Protein chains: 2
Amino acid sequence: MHSVGHHNLPSYALLRSFECAARHESFTQAAEELHLTQSAVSRQVKELEDMMGATLFRRVGRRVVLTESGRRFAADLAVDLENLRQSVARAIAVGERISTLRIGILPTFASRWLIPRLATFLNDHPNIEIRLETRTLPFDLTRERFDVAIHFGKADWPDARMTKLFDEEMLPVASPRFRDMQMATEPTRLAQAPLLHLITRESAWIDWFAINGISDRRLLSGRHFDQFSMIISAAAASLGAALLPKYLIESELESGILIPLSDTALKTHNSYFVVSAAGDVNPQVNAFTRWLLSAARRGSMHWARHDGRL
Amino acid sequence: MHSVGHHNLPSYALLRSFECAARHESFTQAAEELHLTQSAVSRQVKELEDMMGATLFRRVGRRVVLTESGRRFAADLAVDLENLRQSVARAIAVGERISTLRIGILPTFASRWLIPRLATFLNDHPNIEIRLETRTLPFDLTRERFDVAIHFGKADWPDARMTKLFDEEMLPVASPRFRDMQMATEPTRLAQAPLLHLITRESAWIDWFAINGISDRRLLSGRHFDQFSMIISAAAASLGAALLPKYLIESELESGILIPLSDTALKTHNSYFVVSAAGDVNPQVNAFTRWLLSAARRGSMHWARHDGRL
DNA sequence: CACCTTCTATGAGCGGAACTCATGCTTCGT
DNA sequence: ACGAAGCATGAGTTCCGCTCATAGAAGGTG
């Protein structure tokens, strides 16, 4: 519980919530715009009122209406916050001259996870150019002159700063049509159906069935591909059931092109990592790493347009 | 770990730390001004740089020097933050017309704890007037028309919203001269020395000695007073050893007029509470309560000028 | 040139702020 | 009268924002 005065400001979160709530004269709508819960906005406005000792909204019925001083304050705030944002944006833009980050990355991860979210980062950092190059095997960061790499596996990279993005969770999925055709709603039925395999990870399905108490030599039969993107297409085309990392099929799950066949996900012991050279102090590398991390935390695509918090 | 962009700002803490560090071109001095550790400022500046992907300071030797873009940014920030502060201050001031908070309070607590800190609250809320009236016994908030009361004891007030400020910790103290005269450096010696008692709490010394494994009928002898302020004066005048709440003798401890005779404090089972009427929605009451709470948390007087955080 | 002082950087760890979830309460529309 | 829509609030959780302790680097001083 804090107080506020001439030399101490309420936190940015409070001010922004109030400004937004004032614009809409509605906590619910503000919550929507800010991607918070109505609960959060309600609390924050209340807290701000308490700190300032002033009534900003009058609660009338199931509605909130700005008081006169609330209206003035909101107007001032809108201007002040915009100025601040401008200052920050400008400082980011002139930070260094335009420079290029070279990024080594796995192909499917790039097209299905990174690129859909990338717009927000590039928007916020107009002076950073991106150059994506796909690599599948570990390589020497400095020799290849990559600034950053996305690595899948373990934290076993020499001379590198590694930050885990997330663990891999493999989910059994198929097209709705396939599910209905095969009645593949439980593991035993699923074991009979055609399975789609990734060549470099033949054991994935076996591991998943093991969790469900099924072991069968014939599980290895089915169709085999050497890239996730092919499996995704194959599954969408009802060629079989696939075991796919959640992160790569967000849009398909959302649109219903693919649906989960079970709730039990297979946690592999590998993870995605951001890698940069141990001695690198380039702040743009840090900014990118940091952004990746926050995007990974946020998880779903819903928020792709809204990186960052404060 | 978060990112920053056109619609999301770094937290106020980060910006303020940077602005201050930029003004001094020194993290240590900034830490001093902001009453933070050097560690905190260092981290915050680094975090800001990472979020923005720009180098704001160049680390040269044991010194930090603003980069060109850092300098620009700091200048912008100083203006923006000042504007924001102005807007907030104005909104607080015009919030309601000047009104008076009537506060019921214990006499020594008022003069020794509240009043020394009160300036900051009044400063931040120019539209609030204060009217302090001393009461020692519980009373009816609404009948007496108090807006707020400070209560000592237990949370047993009917129809009231009570917030605990802090527990009472009684510390054995005396003047340096008294300590030397009586060689009262350990409990056994102290038991022989003249003790100062508060009439409403005769058992305090007995309880304290009990903690230290000493029980003696004669402990009740000594000098008796009915207000803490008298005991404080008596102790300062070397009339005896006193068992006093820390909160009431901060300045004496700091200046060395009184010194602790032991490290073991006596925690009584009573506490200080802020009390306001259950149904009260006056935001100024909340603001005052909130401020009291933050002042209590901060503890020592050192920070009296710096209430609140963001 | 060794020493001490004075700055910043960094690993570890903790408390509390800032959320979410679930639910209750009030009002408005039909 | 009933349901929908909106704000308030208790409880619980995550992780930011700090501190403490210590390392490391660079100047200042005899």
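The values are calculated or read from the model by the stated rules, or taken from the named source; none is laboratory data. Values in this document were obtained by computation on a predicted structure and should not be read as measured data. Ideal geometry is used to build each Cβ from the backbone, glycine not excepted, and the neighbour counts take in all protein chains shown. Please note that ligands, DNA and RNA were not included when accessible areas were found on the heavy atoms of the full protein model with its side chains. Shrake-Rupley method; radii C 1.70, N 1.55, O 1.52, S 1.80 Å.
Mean partner shielding of peptide A:173-182, defined as the number of other chain Cβ atoms within 10 Å of each residue Cβ, is 0.
Both radii were evaluated on the Cα set of region B:169-267; the Rg over Rh quotient, with Rh as the Kirkwood radius, amounts to 0.91. Between this copy and the others, label points of A:LEU220 are 9.2 nm apart in ascending order, each placed 7 angstrom from Cα in the Cβ direction. Take the protein assembly as shown with all the other protein chains still there, run a 1.4 Å probe, and you get 47 Å² of accessible area per residue. The alpha carbon centroids of region B:16-81 and region A:4-60 are separated by 29 Å. Across region B:49-62, computed HN-Hα scalar couplings (Karplus, 6.51 cos²θ - 1.76 cosθ + 1.60, θ = phi - 60°) run 4, 5, 4, 8, x, 9, 8, 9, 10, 9, 8, 10, x, 8 Hz from first to last residue, x flagging Gly and Pro.
Taking label points 7 Å from Cα along the Cα-to-Cβ direction, A:HIS24 and B:LEU122 give a separation of 4.2 nm. So in the protein assembly as shown, what percent of DSSP beta bridges are antiparallel if you round to the nearest 5? Antiparallel bridges: around 65 percent, rounded to the nearest 5.
Mind running the shape call on region B:68-108? Use the C-alpha gyration tensor, a ≥ b ≥ c as the square roots of the eigenvalues: rounded below 1.5 for a/c, prolate if a/b tops b/c, oblate otherwise.
Numbers: a/c = 9.74, a/b = 2.48, b/c = 3.92.
Verdict is oblate for region B:68-108.
Placing pseudo-labels 7 Å out from each Cα toward the beta carbon at A:ASP207 and B:ASP167 gives an inter-label distance of 5.0 nm.
Computed from the Cβ-Cβ distance with R0 of 22 Å, the FRET efficiency linking A:ARG90 to A:ARG297 stands at 0.20. The HN-Hα couplings worked out from phi for region A:203-212 by the Karplus form 6.51 cos²θ - 1.76 cosθ + 1.60 (θ = phi - 60°) are 7, 4, 4, 4, 4, 5, 5, 4, 4, 8 Hz, whole numbers, x standing for Gly and Pro.
Candidates B:ALA78, B:THR37, B:HIS24 compared by Cα position along the dipole of chain B: farthest toward the positive end lies B:HIS24, with charges placed on Cβ.
Placing a label point 7 Å from Cα along the Cα-to-Cβ direction at B:GLU202 gives distances to the equivalent points in the other copies of 9.2 nm, listed shortest first.
Estimated from helices alone, the mean residue ellipticity of the protein assembly as shown at 222 nm is -12500 deg cm²/dmol (sum of -39500 (n - 2.57) over DSSP H runs with n ≥ 4, per residue).
Between copies, A:ASP167 shows label-point distances of 4.0 nm, shortest first, with the point placed 7 angstrom from Cα along Cα to C-beta. Under a 5 Å amide H cut-off, with hydrogens placed 1.01 Å from N, A:THR67 pairs with A:PHE57, A:ARG58 among residues at least 5 apart or on other chains.
For chain B, the longest principal axis of the Cα atoms and the long axis of helix B:283-298 meet at an angle of about 80 degrees. Computed over region B:12-94, relative contact order equals 27 percent, with contacts defined as Cα pairs under 8 Å that lie 6+ residues apart.
Computed from backbone phi with θ = phi - 60° and the Karplus coefficients 6.51, -1.76 and 1.60, the 3J(HN,Hα) list for region B:106-118 is 7, x, 5, 4, 4, 6, 9, 10, 5, 4, x, 9, 5 Hz; x is used for glycine and proline.
Over the whole of A:65-76, what's the average partner chain Cβ count within 10 Å per residue? Rounded to a whole number, please. Could the numbers behind the result be given before it?
Working: counts 0, 0, 2, 1, 7, 2, 0, 4, 7, 2, 1, 7.
Taking all residues of A:65-76 together, the mean is 3.
Centroid-to-centroid, using Cα positions, region A:150-226 and region B:245-260 are 69 Å apart. Go from 0 up to the bin containing the longest alpha carbon distance in region B:108-230, width 10 Å each, and give me the % of pairs per bin. That works out to 9, 31, 29, 19, 11, 1, in percent per bin.
Annotation: amide H of A:ASN270 within the under-5 Å range of A:GLU168, sequence separation 5 or more or interchain, hydrogens built in the peptide plane.
Under a 5 Å amide H cut-off, with hydrogens placed 1.01 Å from N, B:HIS197 pairs with B:ARG223, B:HIS224, B:PHE225 among residues at least 5 apart or on other chains.
Distance between the modelled labels on A:ARG43 and A:ARG223, one decimal in nanometres: 4.9 nm (7 Å Cα→Cβ projection).
For chain B, compute Rh as the Kirkwood radius over C-alpha pairs and then the Stokes-Einstein diffusion coefficient at 25 °C and 0.890 mPa s; write the answer in µm²/s, rounded to an integer. The diffusion coefficient I find is 107 µm²/s.
In peptide A:125-135, how many Cβ atoms from other protein chains are near each Cβ within 10 Å, on average?
On the way: counts 6, 1, 2, 1, 0, 0, 0, 0, 0, 0, 0.
The per-residue average across the peptide is 1.
Compared with the dominant Cα axis of chain A, that is its longest principal axis, helix A:68-94 is turned about 50°. D by Stokes-Einstein for the protein assembly as shown, Kirkwood Rh over Cα pairs, 37 °C, 0.692 mPa s: 111 µm²/s.
The angle separating the long axis of helix B:12-24 from the principal Cα axis of greatest extent in chain B is about 80 degrees.
When Rg and the Kirkwood Rh are both derived from Cα coordinates, the Rg/Rh ratio for region B:214-269 amounts to 0.96. The length gained by stretching the chain between B:THR134 and B:SER215 to full extension, at 0.36 nm per residue less their Cα-Cα distance, is 25.6 nm. Per residue, the average separation of C-alpha pairs within less than 8 Å and at least 6 apart gives chain A a relative contact order of 20 percent. Taking packing as the residue-averaged number of other Cβ atoms within 10 angstrom, the listed peptides A:10-18, B:65-73 run from highest to lowest as A:10-18, B:65-73.
If you sort A:HIS125, B:HIS24 by accessible surface, 1.4 Å probe, largest first, the order is B:HIS24, A:HIS125.
Considering the rotation that superimposes chain A on chain B, the residue of A whose beta-carbon lies nearest the axis, and that distance in Å, is A:TYR12, 2.
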